[in-house]
Amino acid sequence: MNVLEEQVVRLSQLPSGKKAVIKSHEESDFQLTLMEMGCVPGEPVWVEMIAPLGDPLAIQIAGYYLSIRKKDAEKILVVLQ
């Protein structure tokens, strides 16, 4: 893999402790709400914790913690750092 290539994954696939930057959102009813909560393209994000059964995820973004359902995290594309 070329060093300049971006590795894009879904936020729901990001392992705990791994950092990324939000690239884009897929269309959803929750998209505007996510953006109002700070999940905007270009914003650094990392998964702080994952619940024992895998849902929800606790992410750190825009200086605070946000609990997000896995199905909503599926709609957010991020670039690994």
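The figures follow:
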| read-out | value |
| --- | --- |
| Amide proton proximity set for Lys23, modelled H, under 5 Å, gap of 5+ | Gly42, Leu77, Val78, Val79 |
| The chain, helix-only ellipticity at 222 nm - DSSP H runs n ≥ 4, -39,500 (n - 2.57), divided by all residues, nearest 500 | -2500 deg cm²/dmol |
| For segment 8-80: rounded, prolate or oblate by the Cα gyration tensor [a/c cutoff 1.5] | rounded |
| Stretchable slack from Ser67 to Asp55, in nm (0.36 nm times residue separation minus alpha-carbon distance) | 3.4 nm |
| Loop-located GluC sites (Glu not before Pro) in the chain, at most 15 other Cβ atoms within 10 Å (DSSP) | Glu5, Glu6, Glu26, Glu27, Glu74 |
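Every read-out reported here was derived from the displayed coordinates using simple, explicitly stated rules and does not represent laboratory data. Quantities reported herein were computed from a predicted structural model and do not represent experimental measurements. A quick note on method: Cβ atoms are made from the backbone with ideal geometry, for glycine too, and the neighbour counts reach across all protein chains shown.
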